1. Which residues, taken from segment 280-296, are farther than 12 Å from Leu267 by Cβ, among the acidic types (Asp, Glu) and surrounded by 10 or more Cβ atoms within 10 Å (Cβ to Cβ)?
2. Please state which of the following conditions Val302 fails to meet, knowing it meets all the rest: (1) more than 29 Å from the chain's Cα centre (by Cα); (2) in contact (Cβ under 8 Å) with a residue 24 or more places away in the chain; (3) not in a helix (DSSP H, G or I).
3. Give the residue, chosen from Ala232, Ala206, Ala266, Ala237, that is within 23 Å of the chain's Cα centre (by Cα), in a helix (DSSP H, G or I) and either at pLDDT below 90 or under 17 Å from Lys309 (Cα atoms) (or both).
4. If a residue must be touching a residue at least 24 places away in the same chain (Cβ under 8 Å) and assigned to a loop (DSSP other than H, G, I, E, B), how many such residues does segment 269-294 contain?
Amino acid sequence: MVSRIINNNLRFNKDKAAALMLSLYGDAQKAVFGQMENRELWTLTPAMSNLGILDPTVVKNVLTDFLHLMHEGSMVSGNFSGTKKLLESMFGKDRMKQVLDGVESDEEGIWEQLSTVNENMLANFLKKEDIQTASVILARLTSARAAHILKMFDEDTSMDVIVRILKATPVKVAVLSEIQAFIKSEFMEEFKKGGTNAFDPHRVVAEILNAFDQVTGDRVMEFLEKKIPESAARVRALMFTFEDMLRIDSADIQKVISAVDKSELALSLKKVPMKVREHFFSNMSERAAKFLQEDIDGLGAVRVSDMEKAQRSIISVVKQMQKDGDIVIADAGSDDAMIA
């Protein structure tokens, strides 16, 4: 079957499979997608999104290789309508729709699809749109992804986007038709609704600033404090820096230590206030603390950017653990905050 040949290629070179799919049109492309499982679609979609522009010779070679594979095996033809009927008879209508639409659940919708789009492509697309639209879209991406895309904007535009996120203005309906051409139309219904879950724009900006490197984050915060000081104060209160590890109690910091990568932990503690380092050491066994100190000493000179990257990685684990309810982080300024 066609899908089997493509899947074999995916195991060896998913970019070839992506190029092949992009060379197909209309019902032919849908028919092939219809024979794939959800996990295969989620492997292929990012590869297609990140492929970029291919030289015609490369495309020709991919198609030639595919034709050779066709002649080597026993092929069975099919069509999109037949595939839909087969899937519906086997899995039911809901499961059939999941496979053909390329989504795991209705809740993931357009935002899950946007997570697979090449960041450069998405940034270029958003640069062509008005600030209001860009801010609404970026506010619903992961903080790390939004931060990466914002760094591709010029500084004035990125600052304007941050301000618009805080003002939480809605997306323009007129832009949705353009986005619909950019992303599969099957994922637009949820996007048109604008999402049913309310979000705190100050928390969104705080998470984006956490994902920035320190220099960029400080520059944006300084701008916000001058432009909209009230919102800046709320954002700062919601931000979680590495020193805020002191806001995690002993029992929970032990969970964090168990969950994080030890090499990243050593790098993140290379140059921090002693009270922060002691907060970790005092919640480890004497032997484990000794090994950690040796790892830190053994690092020698390190780039500040590498240390900050490690700290952001640790913070990401901490925030996920908080989200999952595994740990509790005391509010900033709370009497519950830990002190060494």
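The values are calculated or read from the model by the stated rules, or taken from the named source; none is laboratory data. All figures in this text were calculated on a predicted structure; none of them were measured in a lab. With ideal geometry, Cβ positions are generated from the backbone for all residues, glycine too; neighbour counts draw on all protein chains shown.
1. Pass one, segment 280-296, residues farther than 12 Å from Leu267 by Cβ: 280-291, 293-294.
The next check asks that each one be among the acidic types (Asp, Glu); those that pass are 286, 294.
Within segment 280-296, Glu294 is the sole residue that qualifies.
2. Against the list (1) more than 29 Å from the chain's Cα centre (by Cα); (2) in contact (Cβ under 8 Å) with a residue 24 or more places away in the chain; (3) not in a helix (DSSP H, G or I), Val302 comes up short only on (1).
3. On the way: Ala232 fails: within 23 Å of the chain's Cα centre (by Cα); Ala266 fails: within 23 Å of the chain's Cα centre (by Cα); Ala237 fails: within 23 Å of the chain's Cα centre (by Cα).
Sole residue among the options that is within 23 Å of the chain's Cα centre (by Cα), in a helix (DSSP H, G or I) and either at pLDDT below 90 or under 17 Å from Lys309 (Cα atoms) (or both): Ala206.
4. Adding up the residues that qualify gives 8.
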